[in-house]
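Written out below as structure tokens is the structure these notes cover.
The values are calculated or read from the model by the stated rules, or taken from the named source; none is laboratory data. From a predicted model like this one, the values you see are computed outputs, not experimental measurements. Every residue, glycine as well, gets a Cβ built from its backbone with ideal geometry; the counts of neighbours run over all protein chains shown.
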């Protein structure tokens with residue numbers, strides 16, 4: 001029997017990837033979309049062919065699992081509603097914008113015995129699998145430091161409304177790389193030093209962020225997590241890591257397999273990826289974890305730990321000094 005999935009909100013740009021992923025998975029079926037902004041939900045339903053459901057409770061009742069694609073500050077409320085009815089949950093990142101909300105989500109899922117997975121597609125990129133394999137095989141020796149980026153253009157809309165997003169570029173982009181660092185090193189970061197700015201758009205929200213993340217083993221990572229690309233650039237897809245070991249260096253570009261075109265007119269830049277679809281691989285992992293009732297890769301706990309890095313980074317920027325990660 002196919003896993004019946006309800007989409008909770010069409011706010012996030014990645015909702016289209018979920019539709020594609022679930023539709024192409026033979027073990028899944030999308031049973032509807034709900035959105036608290038009815039006009040947005042109905043417009044998405046018309047374009048995607050997914051039926052619009054007017055009441056949240058109705059959609060949760062008819063689903064076995066939900067995929068939360070709402071604004072960041074609404075994740076916790078929707079996840080708790082789904083968990084209370086015993087439904088599995090795939091939640092967009094960041095898991096939540098406060099440590100308390102993250103903890104409540106993880107605890108609620110555990111108490112209900114349901115899967116809680118965080119949407120970290122980078123974990124499923126074949127290039128990342130190869131990096132993990134090479135590090136495990138000791139190809140470059142002891143890791144000493146990592147230099148990482150997650151660039152993109154500003155998506156605007158609710159992403160720059162702090163009451164909905166919880167911040168700006170930092171909260172949007174840090175969590176992806178924070179999760180990769182934890183996955184690679186097998187240890188939790190202990191301290192972060194962050195500087196944020198509004199150098200691109202000169203608005204109240206941060207469009208640029210530089211972090212130094214420290215680990216208990218002495219390894220440190222720097223991360224440029226910014227909306228520093230022009231409006232003609234792709235929304236995201238510039239996740240890179242230079243991993244420095246005492247016997248070598250690994251350079252990885254997780255979105256490297258692509259065809260990029262620069263031309264006159266608008267848009268002046270287009271990019272089309274090819275090869276494995278990390279979003280689809282992530283959706284497949286979620287479906288399989290739900291049907292097997294097992295802990296998925298990129299769990300709710302992983303999402304919480306990555307969110308803690310971003311939350312602490314804002315505190316560091318405010319205090320203008322390094323702070324411990326809760």
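List the number of the failed condition for residue 80; all other conditions in (1) buried (at least 22 other Cβ atoms within 10 Å of the Cβ); (2) closer than 29 Å to residue 311 by Cα hold.
Single failed check for residue 80: (1).
Kindly provide the set of residues from the stretch 60-77 that are in contact (Cβ under 8 Å) with a residue 60 or more places away in the chain and buried (at least 24 other Cβ atoms within 10 Å of the Cβ), ordered by number.
65, 66, 67, 68, 69, 70, 72
Working only within the stretch 194-223, note down all residues that are buried (at least 19 other Cβ atoms within 10 Å of the Cβ) and over 14 Å from residue 155 (Cα atoms).
194, 196, 209, 211, 213, 215, 219, 221, 223
Quick check: is even one residue across the stretch 135-154 surrounded by fewer than 18 Cβ atoms within 10 Å (Cβ to Cβ) and within 18 Å of the chain's Cα centre (by Cα)?
no
Looking at the stretch 307-324 only, could you name the residues that are surrounded by 14 or more Cβ atoms within 10 Å (Cβ to Cβ) and over 11 Å from residue 211 (Cβ atoms)?
307, 308, 311, 315, 323, listed by residue number.
Here is a list of conditions, (1) over 23 Å from residue 101 (Cβ atoms); (2) more than 23 Å from the chain's Cα centre (by Cα); (3) surrounded by fewer than 18 Cβ atoms within 10 Å (Cβ to Cβ), and residue 57 meets all of them except one; can you say which number that is?
Unmet condition: (1).
Among the residues of the stretch 106-124, how many are part of a helix (DSSP H, G or I) and over 19 Å from the mean Cα position of the chain (by Cα)?
5
Answer yes if at least one residue in the stretch 124-133 is modelled with pLDDT of 95 or more, at positive phi and loosely packed, with under 14 Cβ neighbours inside 10 Å, and no otherwise.
No - not one qualifying residue is present in the stretch 124-133.
Do the conditions hold for residue 99, that is, is it surrounded by 22 or more Cβ atoms within 10 Å (Cβ to Cβ) and under 19 Å from the mean Cα position of the chain (by Cα)?
No: the conditions fail for residue 99.
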